[in-house]
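Report on the following structure.
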Amino acid sequence: MRSFLLSMLFGLLTGTSNAQPYGHYDPVQLLKITETPSGKRYSIKGEYLDQMLNDLSAHAKNYPPKFDTPEDQKRAIQDVKTFSGMLDIVTSGPTPNQELLVRAGQLNSLGHNLDIEGAAAKANANFQKLLAASPADPRGNYLYGSFLAGIGKPKEALTFLDKALALGVADSAYALGMTHLALGDKTQALKNFENYQLRNPNDPSINQLIDAIRNGKLELKATPS
């Protein structure tokens, strides 16, 4: 299912906890209906979509996803399928709204982490279409690079993550660190994690990660899909 698994093993067990409950989202609420002289006009409520994406990301940004209950995960899978289908319609034209296109790419990349068949191909198409139209889109480069790293293409991911960092996406430094770890380059990984630490001094987890690399408490495992 995944071409590689990056496993970080620390000297001390950090422990695990259940995820927060995944919310309930109504596809009807995603649609904004405007009355016009020629009839009803339908558009997407970006703020509602972002609410769902933020919730979903908290559970499925990394693989494997973590949900409070199996029912929550089933509902999330159905949401991704439904919302993805709706976004397919509004992003299918030759000049789709780029904000919706980047959201579609994010949604489908999360769908890939939920093992939804065809989600990875859709995410790849969304991001490629977005970056063909807007090569310097900061969020698009960051999300596409993160997606490529997550599907086992770390070398390809570096180009987009480096660009996103240059465009001001601070989180790209962390993603670059993880990607260099996947490539077995702890020196570059540490450099990027330290960069991230400077930009996010109040993140306690980065201190632990840097300490693990410096003191040899980190083990990298590559496992076949």
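Since every read-out is calculated from the coordinates, none of them should be taken as a lab result. Just so we're clear, the structure is a prediction, and the values are computed from it rather than from any experiment. Here Cβ is always computed from backbone atoms with ideal geometry, including for glycine, and neighbour counts include all displayed protein chains.
A few comments on the model shown:
- Proximal lysine pairs, the stretch 21-134, alpha carbons under 23 Å, eight or more residues apart or interchain: 17
- Nearest-ten-degree value, helix 154-166 long axis tilted from longest Cα axis of the chain: 80 degrees
- Relative contact order (%) - the stretch 117-191, alpha-carbon pairs under 8 angstrom, separation at least six: 22 percent
- Compactness of the stretch 21-134 as Cα Rg over 2.2 N^0.38 Å, two decimals: 1.08
- Potential lengthening between Tyr63 and Thr187 on full extension [0.36 nm per residue; Cα-Cα distance subtracted]: 42.2 nm
- With both labels modelled 7 Å from their Cα along Cα-to-Cβ, the Lys32 to Asn200 distance reads 3.0 nm.
- When peptides 151-163, 29-41, 205-217, 182-194 are ranked by their average number of other Cβ atoms within 10 Å per residue, the highest-first order is 151-163, 182-194, 205-217, 29-41.
- Placing unit charges on the Cβ atoms only, positive for Lys and Arg and negative for Asp and Glu, gives the stretch 21-134 a dipole magnitude near 300 debye about its Cα centre.
- Net charge contributed by nearby residues that have their C-beta within less than 9 Å of Gln20 (K/R +1, D/E -1): -2
- Listed residue (Gly168, Ala157, Ile33) projecting farthest to the positive dipole end of the chain, Cβ model: Ala157
- Using a simple spin-label model with pseudo-atoms 7 Å out from Cα toward Cβ, Tyr42 and Thr82 lie 1.4 nm apart.
- Helix 138-150 axis, angle to the chain major axis (alpha carbon atoms, nearest 10°): 60 degrees
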